[in-house]
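In what follows, a structure is listed as structure tokens, so that the remarks can point back to it.
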Amino acid sequence: MRAKGVRLYGAFDIRLEEFDLPDIQDDEILVRVMSDSICMSTYKLLVQGKAHKRCPQNVDTHPVLIGHEFAGDIVKVGKKWLGEFSPGEKFAQQPALNYKGSLASPGYSYPYFGGACTYCIVPPEVMELGYLLHYDGEGYFEASLGEPMSCIVGGYYGNYHTNRHNHQHTIGIQEGGNVLILGGCGPMGLGAIEYPMTLEKKPAMIVVTDLSSERIARARQLISPEKAARQGIRLEYINPSQCQDEFTELMALTGGRGYDDVFVLNSIRSLAELGDRLLAYDGCLNFFSGPTDKTFTASINLYNCHYSSTHILGTTGGTTRDLKEAIRLASEGKIRPAVMVTHVGGMDSILETTRNLPNLPGGKKLSYTQFDMPMTAIADFREKGRTDPLFARLADCCDAHDGLWNAEAEKLLFQHFGVQPAG
């Protein structure tokens, strides 16, 4: 069958094109992609091309589909999986395969398996791993955003703490401790602020820094200190550009004790070094942001590492358990993945959005692959609605949901473009 998608041929070479999908084998599944969230990791793939560890070396002659934060409908099921999966049901998927030691992943490595397309083929290893998930949520976009949220969940589980009595590590952030999120008002940061409020063992304080007053204002509106206080958490937003001495003022918020858990959300050497300086005794620094520079380094205080038991790690991706938790919390309304989304577009918007992702303002760019629509800021819906009734209705939907993207707005798009979702 014919499909349409964005494929990578090499560094800085992605193309929107039509191509033939082969017939599925008995151990494969054909799916229709409905939503795909565009990730900065895909931009890193675009920059590196063959140099990326997940990119095949023959990509110039055997292009791969980009996009790994996707969800949709199952269309056809190979004989091996009949009974476990059925045509017409929704799916979510875990892209971090790590199958038998291979780094191959959807959106990086497969010619027919990725999210920036109309249809794709799920290979057998995904089902063997249990990474094709049944999904019955209302909105496809929440399943797409389950992947980045699972990275955040995995980050919080990745942190650990020690003690002087035995060699057992306590997994997760310090209960009743101080959390610092450096560079934290971007899309991933918003998820990282909201998620710990759902934990049984909550921190006492979360401090979030960002150099953009505009991003801080949006974060404060969506996740207010008052909301955090209702969960017993003190929430502070800090703009370092307004500090006389960033280190001194951040340390003062803890009474000089420091932070038990620090998350560094930007690949900036000075930011990582600041986080290390701010660690409390037994503090854990999570370098969450993946750099494109393979020689990226920063200085850490090894004196504190030895005498104060500070430690550093990096987490990337999430497990299937993390993904299931993210989807469950979203379906229960305990987290709102939509806080990440600031722009919505169609298939024709993916190419240029991916190419220019670092230069585009706002948070997550969400694409719907079954129709064409320019990538449009949610904040611009009302103005566009002056001349386009569709955007006026979308603006009304978002206004009714605290300015956030939502399942009602998603359904409006499907109806307008004549797309019939599963169910």
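The values are calculated or read from the model by the stated rules, or taken from the named source; none is laboratory data. None of these values were measured; they are calculated from a predicted model. As a convention, Cβ positions derive from the backbone with ideal geometry for all residues, glycine included, and neighbour counts pool all protein chains shown. Accessible surface areas use protein heavy atoms only, side chains included; no ligands, DNA or RNA. Shrake-Rupley method; radii C 1.70, N 1.55, O 1.52, S 1.80 Å.
What number of residues within the stretch 238-273 are more than 25 Å from the chain's Cα centre (by Cα), open to solvent by 10 Å² or more (accessible area, probe 1.4 Å) and aliphatic (A, V, I, L, M)? Number of matching residues: 3. Here L190 fulfils each of the conditions (1) in contact with a Leu (Cβ under 9 Å, 6 or more places away or on another chain); (2) without any contact (Cβ under 8 Å) to a residue 24 or more places away in the chain; (3) within 26 Å of L323 (Cβ to Cβ) apart from (2).
Among strands (runs of 3 or more DSSP E) entirely within the stretch 197-281, having at least 2 residues that are closer than 30 Å to I378 by Cβ and among the aliphatic types (A, V, I, L, M) singles out 205-209, 234-238. Can you work out which of the residues in the stretch 76-111 that are assigned to a strand (DSSP E or B) and of a type outside the set (A, V, I, L, M) is most open to solvent (accessible area, probe 1.4 Å)? If we take residues in the stretch 76-111 being assigned to a strand (DSSP E or B) and of a type outside the set (A, V, I, L, M), then K76 is most open to solvent (accessible area, probe 1.4 Å). The residues in the stretch 316-341 that are surrounded by fewer than 21 Cβ atoms within 10 Å (Cβ to Cβ) and part of a strand (DSSP E or B) can be counted, and the count is 0. The set of residues in the stretch 375-391 that are over 21 Å from I38 (Cβ atoms) and surrounded by fewer than 16 Cβ atoms within 10 Å (Cβ to Cβ) comprises R382, E383, R386, T387, D388, P389.
Each residue in the stretch 60-76 was checked for being of a type in the set (K, R) and on the phi > 0 side of the Ramachandran plot, and 0 of them qualify. Contact map, the stretch 220-242: residues that are closer than 22 Å to K201 by Cβ paired with residues that are open to solvent by less than 60 Å² (accessible area, probe 1.4 Å) and basic (K, R), Cβ distance under 7 Å, separation 6+ or inter-chain. Pairs shown: Q231/K202; G232/K202; I233/K202. Residues of the stretch 243-271 being within 17 Å of M188 (Cα to Cα) and in contact (Cβ under 8 Å) with a residue 60 or more places away in the chain, which ones? Residues satisfying the conditions are D261, V262, F263, V264, L265, N266, I268, L271. Checked against (1) assigned to a loop (DSSP other than H, G, I, E, B); (2) at pLDDT 95 or above; (3) not charged (D, E, K, R), N163 passes all but a single condition, namely (2). Comparison of C185, C151 shows that the only residue that is touching a residue at least 60 places away in the same chain (Cβ under 8 Å), open to solvent by less than 50 Å² (accessible area, probe 1.4 Å) and either part of a helix (DSSP H, G or I) or not aromatic (F, W, Y) (or both) is C151. Residue count for the stretch 398-412 satisfying the condition of being at pLDDT 95 or above and either among the acidic types (D, E) or surrounded by 19 or more Cβ atoms within 10 Å (Cβ to Cβ) (or both): 8. Taking the stated definitions as given, is D348 touching an Asp or Glu at 6+ places or on another chain (Cβ under 9 Å), touching a residue at least 40 places away in the same chain (Cβ under 8 Å) and farther than 22 Å from P148 by Cα? Here the answer is yes, as D348 does meet what is asked.
Only one of the listed residues (K100, K50) is at pLDDT 95 or above and of a type in the set (K, R). That residue is K50.
For the stretch 344-365, the criterion of a residue being more than 21 Å from G115 (Cβ to Cβ), open to solvent by less than 30 Å² (accessible area, probe 1.4 Å) and either β-branched (V, I, T) or within 23 Å of the chain's Cα centre (by Cα) (or both) is satisfied by no position. Test Y140 against the criterion of being open to solvent by 20 Å² or more (accessible area, probe 1.4 Å), at pLDDT 95 or above and closer than 18 Å to R32 by Cβ, and give yes or no. No. Of all residues in the stretch 1-50, those being of a type in the set (K, R) and either surrounded by 24 or more Cβ atoms within 10 Å (Cβ to Cβ) or over 24 Å from P124 (Cβ atoms) (or both) number 4.
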